[in-house]
Amino acid sequence: LELVAWPWERDVRPAVAHMPGDQHDDRPGEKKEQQGGLWESILNEVHTESRLSDKTVIMLGRPGIGKRSLIQALHAHAWPGAAADVAADISPEGHSRAVGLDYGFFGSRDPMDAEAAGDPDYLCPAATSVLILEDLAFEKVLRSRLTVDTLKHLGAVICLDLKAPWTMMEDLRRYLELLQRVTSDLLQQLPLQEQDQLRDKMSKVIASFAEEGAGADAHSAEASLVYNMGLPIVVVVTRADGASALDGQKTMGWSETIEAYLRNECLSYGAAIVYTMVQGKSLRNVDVLYQYLMHRLYGYASKAKPQVPSRDALYIPSGWDTRTKVDQAVAQLSGGGLDRSFESTVVSMEPSPPAAPPLDECEDMQHFLKRNSVVLQKLGGVSAVSQRRAAPGMPADPSAAAPGDKGKESAARRSTAKDGASLPGAAAGGLGPAATDNASLANFFQNLLTRGQGEGRGSAASTLSG
């Protein structure tokens, strides 16, 4: 059906609406309610209905595990032409880590339109904003970006690192608790009817997912949903190429253990699990993740089949897993199944930090000077001035010394006259080089000791007078 505008309405553009009484009103003879034009209102209505609404995804995960690389890969899959321009604008130095809340986005479209998306002139009908939070200390910053209206178009992605598997369960629990706090506060701001609608929508998605001939499992999956937050949750295991390191003797059986613990934890929240890898042009399950996100956020059909079991390409959509299936996977584990803690089985392989060096206790400066002054006196140290006076050929009168040495001799006399006379052996002459060294050290320590005692008395006196 082709809409043909009347001649006086052919200048109407759907993107511009001339509201009654605005500055574009140059038709005074027409009624205000007819100024917009019938066809303009129809075209605007069609344009509004055909455009998809934008969505928001909260992405949680520790730094350096490939979250931003994953967002870029999703955008490249959704909209290759625009992703190339975005990649060209990325700094070669990478992004700054000094951020509380980061932002990203990727295009939103029907996953079945992959061929059309490759056209250079293709435009994605909508976009999905991504709020990236790494440090839970900035939870308030995340809350400031979320509203009650956002909750109706919100999803969550929790990223875990397979190259550091010993951190996976701790991170998963922390981020799930964060989502519970945030969504609980937002849900309480909605009327009870709207709260029930969001939770019912989540329950219906899980209950409606049933494989052929497995209708009973759908009811079991719905019954396993213990924590219904009213939004889709996807647990994404990044850097799945790290699964190759789990085949060693020390890591034997870790892959099965990780899968069982993840499935058991995600079952209560109705969360999906997807293993991904983004390493240059080598991608794994990026298309599966994009298809599933579009399915949960926009309702597009998802044709990706579950991949269970799998070491590096696991895919379990919400509703597929049941308590029976999880118990079967747990029964194949050795060492007591889920009775043992995850961290006692998947232990950290990181090297232990070096031990701190032992502390050296330093004695007080005054005590150090007194002790060494006594030692030098026992070794025969004398005043350098006294030694020079007693030495043969030296003039008794300081004024007879060389002009260049007068200042040095006067300073030495003033600083050591008192101390030099009291040192043992001060009257002895003809001492060797060793005695000369001892005398210099004795003078040095005695001067420091006298100066330190004088400063201590001065500071004490000023304290008392103040």
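The values are calculated or read from the model by the stated rules, or taken from the named source; none is laboratory data. All values derive from a computational prediction rather than experimental measurement. FYI the Cβ positions are ideal-geometry reconstructions off the backbone, even for glycines, and counts take in every protein chain you see. For accessibility, only protein heavy atoms count, side chains too; no ligands or nucleic acids. Shrake-Rupley method; radii C 1.70, N 1.55, O 1.52, S 1.80 Å.
May I ask you to verify whether E139 is part of a helix (DSSP H, G or I), in contact with a Lys or Arg (Cβ under 8 Å, 6 or more places away or on another chain) and under 25 Å from T238 (Cα atoms)? So E139 fits the description; yes. Within the range 289-304, the set of residues being in contact with a strand residue (DSSP E or B) (Cβ under 8 Å, 6 or more places away or on another chain) and not hydroxyl-bearing (S, T, Y) comprises L289, L293, M294, R296, L297, A304.
Among residues of the range 364-376 that are charged (D, E, K, R), those with a beta-carbon under 9 Å from a residue that is in a helix (DSSP H, G or I) at least six positions away or on a different chain give the pairs K370/F445; K370/L449. Here S224 meets each of (1) modelled with pLDDT under 95; (2) buried (at least 17 other Cβ atoms within 10 Å of the Cβ); (3) out of contact with any helix residue (DSSP H, G or I) (no Cβ under 6 Å at 6 or more places or on another chain) with one exception, condition (3). A count restricted to the range 227-265 and to residues that are over 20 Å from L333 (Cβ atoms) and aromatic (F, W, Y) stands at 1. From the list A116, A76, the lone residue that is assigned to a helix (DSSP H, G or I), farther than 17 Å from V286 by Cα and at pLDDT below 95 is A116. When Y315, Y298, Y290 are screened for being of a type in the set (S, T, Y) and in contact with a Ser or Thr (Cβ under 8 Å, 6 or more places away or on another chain), only Y298 passes. Considering only residues in the range 281-307 that are assigned to a loop (DSSP other than H, G, I, E, B) and in contact (Cβ under 8 Å) with a residue 12 or more places away in the chain, the one that is nearest to L267 (Cα to Cα) turns out to be P306. Annotation: of all residues in the range 227-247 being of a type outside the set (S, T, Y) and open to solvent by 30 Å² or more (accessible area, probe 1.4 Å), the one that is farthest from the chain's Cα centre (by Cα) is D247.
Selection of the range 267-324 for residues being surrounded by fewer than 23 Cβ atoms within 10 Å (Cβ to Cβ) and closer than 17 Å to D161 by Cα yields Q279, L283, R284, V286, S310, R311, D312, A313, Y315. Just one of the listed residues (T147, T128) is within 22 Å of V236 (Cα to Cα) and either among the hydroxyl-bearing types (S, T, Y) or touching an Asp or Glu at 6+ places or on another chain (Cβ under 6 Å) (or both), namely T128. Only one entry in L246, L293, L267 is within 21 Å of K204 (Cα to Cα), among the aliphatic types (A, V, I, L, M) and in contact with a Gly (Cβ under 9 Å, 6 or more places away or on another chain), namely L293. One residue stands out among those in the range 34-64 that are small (G, A, S) and outside any helix (DSSP H, G or I): the one that is modelled with the lowest pLDDT, which is G36. Among the candidates D312, D321, the residue that is closer than 26 Å to K67 by Cα and either part of a helix (DSSP H, G or I) or over 29 Å from the mean Cα position of the chain (by Cα) (or both) is uniquely D321.
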